[in-house]
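Student: Quick one: the structure is below, questions incoming.
Just so it is clear, none of the values below were taken in a lab; they were calculated from the coordinates. Predicted, not measured: the structure shown is a model, and the values here were computed from it. Because the Cβ atoms are built from the backbone with ideal geometry, glycine has one as well, and the counts that use them run over all protein chains shown.
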Amino acid sequence: MVSSIGNSSVTVGNVHNRKKQMKMFRRFLAHAVVILFCGIFIVPFIWMLLTSFKTQQEIYANPPTIFPREFYWRNYVDVFTKIPYMRYVGNTLIISISAVIGQVLTSTMVAYSMSKIEWFGKKYFFPLIIGTMMIPYQVTMIPLYMIYKNLGFIGTYWPLILPNFFGSAYYIFLLRQFFMTIPTSLVESATIDGASDARIYLQIMMPLCKPAITTVAIFTFMGNWSDFMGPLLYLNKAEMYTISIGLQAFVQTHYIEWGLLLAASAIFTVPIIILFFMAQRYFIEGITITGIKG
Amino acid sequence: MKVKTKRNISGFIFALPWIIGFVCFSAYPIVTSMYYSFTEFNMFQAPNFVGIANYKQLFQEAKFWKSLYNTLYMTVLGTPLNLAFGLFMANLLNKKLKGMSVYRTIFYMPTIVPAVASTLLWIWILNPTQGLLNNALKSLGLPAPNWLGDPQMTKPALLLMGLWGTGGIMLIFLAALQDVPKSLYEAAEIDGANSVRRFFSITLPSISPVIFFQLIMSVISNFQYFTQAYLMTNANSTGGFNAASGGPENSLLFYALYLYQNAFAFFKMGKASAMAWILFIIVAIVTYALFKTQRKWVTYGE
């Protein structure tokens with residue numbers, strides 16, 4: 001820059017100012033983009049709620065309305081009278097809670113064996129556990145169906161509950177990652193004091209790993225609450241349906257009554273969203289622990 | 001008893017649930033599935049050995065190739081699209097802005113909606129005349145396609161719907177971004193690297209293991225794309241118990257859906273098992289190939 005010293009200091013000041021302005025502008029831009037995308041992401045939810053409060057007539061009005069002319073609560077009443085909704089909720093709860101019990105009991109045991117016990121099987125079994133995550137569901141689907149058929153389990157909850165009592169690769173992995181962060185010295189000193197593995201597992205590991213166990217419990221619950229494929233394969237009596245399958249069966253007969261269908265979807269979704277808000281921390285922890293340290 | 005033996009015994013006991021589960025729910029079914037794939041089997045009579053007839057038949061069948069094509073379409077387009085969008089959003093949400101935790105929650109929320117509910121909602125959003133999307137497009141003066149009726153548009157519609165569910169991917173990327181040492185960025189800034197440069201020479205290499213992990217998981221799950229397609233085509237056909245239609249001109253007949261139809265609608269268990277094994281082999285090859293490329297672009301720190 002060809003100028004006097006005084007001038008150049010002014011330029012430097014200007015450059016500094018402009019840089020600051022640029023930075024502010026970019027912050028503003030980033031904020032605007034985030035808000036825009038958030039808007040786009042939340043619109044489907046709002047659309048679901050708005051439609052669920054419209055009458056059948058208004059839903060098919062031309063031109064379509066955005067806001068309901070008047071809030072039509074009837075859809076929400078009809079959901080409970082036309083679908084045995086509470087029964088489906090009860091059925092889904094039976095499966096989901098049993099699954100949670102199974103996973104918490106067994107996935108923690110296996111994770112303990114894969115992290116804190118020094119034994120010959122560890123180095124063979126752990127890669128195998130991870131490897132099973134890559135087996136497509138379809139490969140085991142038909143033989144498993146045949147096994148349950150031969151046991152007379154088709155049309156019962158057994159095929160949906162039982163597998164949860166043998167640990168699941170994903171949860172074992174998640175818990176193992178967490179167990180690894182507990183200092184081995186703690187386990188060793190307990191061993192020296194004469195504590196058995198059962199005691200260490202029950203009285204040291206379980207209490208210390210409550211957050212990870214909660215995460216597994218929540219994921220298991222949500223997975224079973226929303227599961228579609230399992231109930232589709234194994235449940236054949238309407239009175240035993242879960243919410244997913246019940247709703248699907250309902251779609252078959254009411255496929256043009258969108259107000260009703262979306263009211264049902266909203267009722268299905270809301271408990272999950274409430275659970276999510278109550279337990280947000282565990283979700284985020286659980287997802288990141290498997291995603292990152294993988 | 002020796003300490004070592006004792007440790008081996010308790011290790012084994014604690015691992016026992018998984019070992020039993022592995023034998024009953026993985027190993028035995030995998031082997032049986034292989035056997036079924038060489039048989040004609042309708043579930044009611046004993047399997048009848050037919051050699052490689054199922055495989056031969058599949059390879060000559062247009063519907064098989066169509067379902068494979070549809071699935072590859074979703075995998076090849078959907079995986080990079082979801083990963084890129086997830087990473088883009090993670091980058092945006094990694095900035096220190098007011099109310100960020102609220103924004104993050106909003107992005108994550110769609111992923112927890114049960115598939116039945118979200119698919120139903122999207123069928124309605126994609127409705128050609130009354131749907132939200134087409135009304136928005138029309139008001140912007142853009143063409144309003146028949147998303148779920150036009151075979152050219154059905155898969156793009158599912159890709160769009162998939163983007164709404166990228167919150168999980170975003171969250172993992174976000175955590176990975178927060179793990180990148182700040183000092184790297186500071187040093188680069190002093191060296192005068194602009195933000196684009198910083199992204200490509202610091203951010204991407206630092207999070208490449210996470211990108212790799214997500215890539216593998218996403219490819220595996222895309223190959224098994226089922227629930228949304230089942231619900232979408234079943235809601236539209238509104239008939240035929242247990243047999244989703246496959247959509248207009250079979251444009252939504254995905255591999256897993258066709259496999260399911262063969263097994264539980266047509267009761268061709270042998271053919272379905274052959275399909276399962278072909279899928280297994282494809283997934284294994286693709287995963288192996290991706291692992292092979294790892295050395296070229298994935299950098300493990302420390």
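Student: Note the direction-averaged projected area, equal to a quarter of the hull surface, for the Cα convex hull of segment A:80-292, in nm². Write down the numbers at each step before the final one.
Tutor: On the way: hull surface 56.3 nm².
Mean shadow area of the hull around the Cα atoms is 14.1 nm².
Student: Taking only Cα atoms and a 10 Å spring cutoff, compute GNM fluctuations for chain B and point out the largest among B:Thr71, B:Thr166, B:Thr111.
Tutor: Taking springs between Cα atoms under 10 Å, the residue moving most is B:Thr111.
Student: How high is the relative contact order of segment A:80-292, in percent, counting Cα pairs under 8 Å that sit 6 or more residues apart?
Tutor: Computed over segment A:80-292, the figure is 34 percent.
Student: Further question: For A:Lys82, go through the aspartates and glutamates and keep the ones whose alpha-carbon is under 16 Å away, minus same-chain ones fewer than eight residues off.
Tutor: Straight-distance partners of A:Lys82: A:Glu239, A:Glu257.
Student: Give the lysines whose C-alpha is closer than 23 Å to that of A:Lys149, dropping any in the same chain fewer than 8 places away, or say none.
Tutor: Counting by Cα, and skipping residues close in sequence, A:Lys149 has these lysines nearby: A:Lys237, B:Lys268, B:Lys271.
Student: Could you give the spread of the C-alpha atoms of the protein assembly as shown along their three principal axes, from largest to smallest, in whole angstroms?
Tutor: 98, 79, 50
Student: Hey, fewest Cβ within 10 Å first, where do B:Ile123, B:Ile106, B:Ile172 land in order?
Tutor: B:Ile106, B:Ile123, B:Ile172
Student: How big, on average over all directions, is the shadow cast by the Cα convex hull of chain B, in nm²?
Tutor: The Cα convex hull of chain B, projected and averaged over all directions, gives 23.9 nm².
Student: Report the residue, chosen from B:Tyr35, B:Tyr103, B:Tyr55, that carries the largest GNM mean-square fluctuation when chain B is represented by alpha-carbon nodes joined by springs under 10 Å.
Tutor: In the Gaussian network model the winner is B:Tyr103.
Student: Can you sort B:Trp297, A:Trp258 by how many other beta carbons sit within 10 Å, fewest first?
Tutor: Lowest to highest Cβ neighbour count: B:Trp297, A:Trp258.
Student: Follow-up question, since we're still on this one. Lys and Arg at +1, Asp and Glu at -1: add these up for the other residues within a Cβ distance under 13 Å of A:Ala279 and post the number. Spell out each step's value before the answer.
Tutor: Working: positive: A:Lys210, A:Arg281; negative: A:Glu285.
Neighbourhood net charge equals +1.
Student: So, one more: Whole-Hz Karplus ³J(HN,Hα) for segment A:256-269, in order, using 6.51 cos²θ - 1.76 cosθ + 1.60 and θ = phi - 60°, x for Gly and Pro?
Tutor: 9, 8, 5, x, 5, 4, 6, 5, 4, 4, 4, 5, 5, 7
Student: Report, in deg cm²/dmol and to the nearest 500, the calculated mean residue ellipticity at 222 nm for chain B, where each DSSP H run with n ≥ 4 adds -39500 (n - 2.57) and the sum is divided by the residue count.
Tutor: The per-residue figure over chain B is -20500 deg cm²/dmol.
Student: Which lysines does B:Lys4 reach when only Cα atoms under 29 Å apart count, and residues fewer than 8 places away in its own chain are ignored?
Tutor: Partners within reach: A:Lys116, A:Lys122, A:Lys123.
Student: If you don't mind, there's one more thing I want to ask. Hey, what does the equivalent ellipsoid look like for segment A:111-169, semi-axes from the Cα gyration tensor as sqrt of 5 times each eigenvalue, largest first, whole Å?
Tutor: For segment A:111-169, the semi-axes come out at 29, 14, 9 Å.
Student: Between B:Thr39 and residues 5 or more places away or on another chain, which pairs have amide H atoms under 5 Å apart, with H built 1.01 Å from N, and which residues are they?
Tutor: The answer is B:Val50.
Student: Tabulate in residue order the Karplus-calculated ³J(HN,Hα) for segment B:281-296, using 6.51 cos²θ - 1.76 cosθ + 1.60 with θ = phi - 60°, rounded to whole Hz; enter x for Gly and Pro.
Tutor: Values per residue, Gly and Pro as x: 5, 4, 4, 4, 5, 4, 4, 4, 4, 5, 4, 5, 6, 3, 4, 6 Hz.
Student: Taking other Cβ within 10 Å of each residue's Cβ, how do B:Asp179, A:Asp227 sort, fewest first?
Tutor: B:Asp179, A:Asp227
Student: So what's the Cα pair-distance distribution over segment B:81-197, bin width 5 Å, in %?
Tutor: Once binned at 5 Å, the Cα pair distances of segment B:81-197 give 2, 10, 15, 16, 15, 14, 10, 7, 5, 4, 1, 0.
Student: Pick out which of B:Thr233, B:Thr203, B:Thr39 has the largest mean-square fluctuation in a Gaussian network model of chain B, springs linking Cα atoms closer than 10 Å.
Tutor: Per the Cα network of chain B with a 10 Å cutoff, B:Thr203 tops the list.
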